[in-house]
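Working notes for the structure below.
The values are calculated or read from the model by the stated rules, or taken from the named source; none is laboratory data. Because the structure is a prediction, the values reported are computed rather than measured. Note: ideal-geometry Cβ built from the backbone for every residue, glycine included; neighbour counts use all protein chains shown.
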Amino acid sequence: MGAVLGFIGSIGAGLFSVLATAGQVVLFAVSALGHCVRPPFYPRLLGRQMLEIGYFSLPVVALTAIFSGMVLALQSYTGFARFSAEGAVATVVVLSITRELGPVLAGLMVAGRIGAAIAAEIGTMRVTDQIDALTTLSTNPMKYLVVPRLVAATLVLPMLVVVADILGVMGGFIVGVFKLDFNAGAYMTRTWEFLKFEDVFSGLVKAAVFGFVIALMGCFQGYHSKGGAQGVGAATTNAVVSASILILVFNYVITELFFAR
Amino acid sequence: MTSVEPPPKIRIRGLSKAFGPKVVLDKLDLDVPAGSSIVVIGGSGSGKSVLIKCILGLITPDAGTIEIDGRDVLSMGRAERDAVNGHIGMLFQGAALFDSLPVWENVCFGLIAKRRISRREAKPRAVEILAQVGLGADVAELSPSELSGGMQKRVALARAIAAQPDIVFFDEPTTGLDPIMGAIIDDLIVAQVKRLGATAFSITHDMASAQRIADTVAMIHKGSIVWKGPAAAIRDSGNPYVDQFVTGSTEGPIRMEVRR
Ligand SMILES: Nc1ncnc2c1ncn2[C@@H]1O[C@H](COP(=O)(O)OP(=O)(O)OP(=O)(O)O)[C@@H](O)[C@H]1O
Ligand SMILES: [Mg+2]
């Protein structure tokens, strides 16, 4: 009996701490957004972060997108062949990539790459007093560290997803034309035929939200890390895990907003 | 206290801070006269760094008041507080140099942030300030991770004094350095503080260092000041806490939290 109560109690305590953390994240986000619109701004740092988050993530995102497009073409061909709907391959590829796989896979890859890096860098600055040093040198750490990363990630992820969309479709095209013997012109026509503006647009909105979430979780975990190297390690793990979960949650919510009738 | 006496540069009254159940500062009172150099000594974990961070506004205390130049800094708005902090320099316990920036940008960081100089003017200025702490121009281009601990402390000292503050805090400036480098840092601190005419507030474990830097020594124990007196009197203070600390004896009123 006591063990059962203890178990329930620990579930309750766990739930409570999750809610408390969620509240802290929201407050942190609100405060960061407030700092986004008030000077001083740091364009130099913003540029550096855009390069770091965007440009250097290109290879990872590109490879992910190409192979996803390729496997998608292969899978849908073999699946659809069972009911003689092979002609839908191009359409399935382009819709899946633009609506779902482009933003989600790019988001998850960047979460691993950038979320971890942000949490580790800011976390190290926290435990070595560098964040306090910023404050004593008349610099607001929210503006100097958090805002450039948040803004850069939010702006850059949609750009990465445009690249992912193009390369993903191209991957499908390669498998479709060279392996499955589709006619190249017909495949492209099928690709464009049913594609709507909102398919691509919804993917880009998702990307912007994912970028914000990745940078937010990295900054939040780093900013609140404590306890030396071990604390920074924990912050890094938490940043990647929480950003990945939130990406999947927001993916559903945004899909629901755009496409549910 | 007579009315002709000027207000102390820093006046602390009833300062308390606890982290959860752990009481770190307990109704601490301390005055630091303008232009003087105070050294706070005390065991590891006795709250010295927390005390400095409270004065700098990096930690919000639970109770008490802190006045700088007679103005209560705890009730100030953000902008006013920033203005006060603009006249304060701080050398952190672990140097806390920004490792993403070269040494020269570290040194002039506050000056650039306050827009007192442009980035282009910053590098020659940094070289001048580095010279004051005995570092050559070649150091300016290095990254902090390429420096030894002693050089990092000197760069941190250069950064703390770059904006010509009128109060400078030094958190264990000589810990982790060899005795000679420690003495060099102490001399630099004394020289720079004198040059600026600043009030100095230092923390140390090192009694030799304390005697070199301090006019006044204050001993913190269990979150409050248990003794305060002139630096010269420290070896015959008659206070059991100070005596134990000076001799480094394990027998006495100070019980370190060490399990055996
Ligand atoms: N942010 C914090 N959260 C929780 N506890 C803290 C925090 N900062 C300090 N403490 C606790 O406060 C106590 C005093 O810490 P402080 O850093 O002031 O010690 P110190 O006197 O500077 O010691 P040292 O000489 O070793 O630097 C320690 O027990 C520490 O665990
Ligand atoms: Mg300390």
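Answer with yes or no whether B:Arg115 is within 14 Å of another protein chain (Cβ to nearest Cβ), of a type in the set (D, E, K, R), over 14 Å from the mean Cα position of the chain (by Cα) and closer than 23 Å to A:Leu45 by Cα. Step through it out loud before you land on a result.
Values: within 14 Å of another protein chain (Cβ to nearest Cβ): yes; of a type in the set (D, E, K, R): yes; over 14 Å from the mean Cα position of the chain (by Cα): yes; closer than 23 Å to A:Leu45 by Cα: yes.
For B:Arg115, the condition - within 14 Å of another protein chain (Cβ to nearest Cβ), of a type in the set (D, E, K, R), over 14 Å from the mean Cα position of the chain (by Cα) and closer than 23 Å to A:Leu45 by Cα - is met.
Can you tell me how many residues within the range B:13-36 are part of a strand (DSSP E or B) and at negative phi?
Summing the residues that are part of a strand (DSSP E or B) and at negative phi in the range B:13-36 gives 16.
Assuming A:Val163 fulfils every condition listed in (1) touching a Gly at 6+ places or on another chain (Cβ under 8 Å); (2) farther than 30 Å from B:Gly89 by Cα; (3) assigned to a helix (DSSP H, G or I) apart from one, which condition is it?
That leaves (1) as the condition not met.
From B:Ile184, B:Ile203, B:Ile161, which residue is within 14 Å of chain A (Cβ to nearest Cβ), more than 16 Å from A:Ala133 (Cα to Cα) and of a type outside the set (Phe, Trp, Tyr)?
B:Ile203
Checking B:Lys17 against (1) closer than 30 Å to B:Ala191 by Cα; (2) away from every other protein chain (no Cβ under 14 Å): exactly one of these is not met. Which one?
(1)
Out of B:Gly42, B:Gly47, which single residue is within 12 Å of ligand 1 (Cβ to nearest atom), in contact with a helix residue (DSSP H, G or I) (Cβ under 8 Å, 6 or more places away or on another chain) and more than 14 Å from chain A (Cβ to nearest Cβ)?
B:Gly42
Please go through the range B:132-146 and pick out each residue that is buried (at least 16 other Cβ atoms within 10 Å of the Cβ) and in a helix (DSSP H, G or I).
Matches in the range B:132-146: B:Gln132, B:Val139, B:Ala140, B:Pro144.
Considering only the range B:172-204, state which residues are charged (D, E, K, R), away from ligand 1 (no atom under 16 Å from the Cβ) and at pLDDT 90 or above.
Passing the criteria: B:Asp186, B:Asp187, B:Lys194, B:Arg195.
Would you confirm whether any residue within the range A:29-40 is more than 26 Å from the chain's Cα centre (by Cα), loosely packed, with under 12 Cβ neighbours inside 10 Å and under 30 Å from A:Trp192 (Cα atoms)?
So far as the range A:29-40 goes, no, none of its residues is more than 26 Å from the chain's Cα centre (by Cα), loosely packed, with under 12 Cβ neighbours inside 10 Å and under 30 Å from A:Trp192 (Cα atoms).
Taking the range B:62-109, which residues are more than 11 Å from chain A (Cβ to nearest Cβ), touching a Ser or Thr at 6+ places or on another chain (Cβ under 8 Å) and not hydrophobic (A, V, I, L, M, F, W, C)?
Within the range B:62-109, B:Asp62, B:Gly64, B:Asp72, B:Pro102 qualify.
Could you please let me know if A:Arg149 is at pLDDT 95 or above and within 11 Å of chain B (Cβ to nearest Cβ)? Lay out the reasoning, then the answer.
Numbers: at pLDDT 95 or above: yes; within 11 Å of chain B (Cβ to nearest Cβ): no.
Here the answer is no, as A:Arg149 does not meet what is asked.
Based on this model, can you work out whether B:Lys48 counts as within 16 Å of ligand 2 (Cβ to nearest atom) and more than 16 Å from the chain's Cα centre (by Cα)?
In short, no.
Can you name the residue in the range B:50-61 that is at the interface with chain A (Cβ under 9 Å from one of its Cβ atoms) and not in a loop (DSSP other than H, G, I, E, B) and, of all such residues, is nearest to ligand 1 (Cβ to nearest atom)?
Among those that are at the interface with chain A (Cβ under 9 Å from one of its Cβ atoms) and not in a loop (DSSP other than H, G, I, E, B), it is B:Lys53.
Here's the yes/no breakdown for (1) surrounded by 19 or more Cβ atoms within 10 Å (Cβ to Cβ); (2) free of Cβ contacts under 8 Å to residues at least 12 places away in the same chain; (3) among the acidic types (Asp, Glu):
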position	(1), (2), (3)
A:Thr139	yes, yes, no
A:Lys143	yes, no, no
A:Val163	no, no, no
A:Gly171	yes, no, no
A:Asp181	no, yes, yes
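Return the only residue of B:Gly57, B:Gly42 being more than 14 Å from ligand 2 (Cβ to nearest atom), within 23 Å of A:Thr128 (Cβ to Cβ) and within 16 Å of the chain's Cα centre (by Cα).
Residue meeting the stated conditions: B:Gly57.
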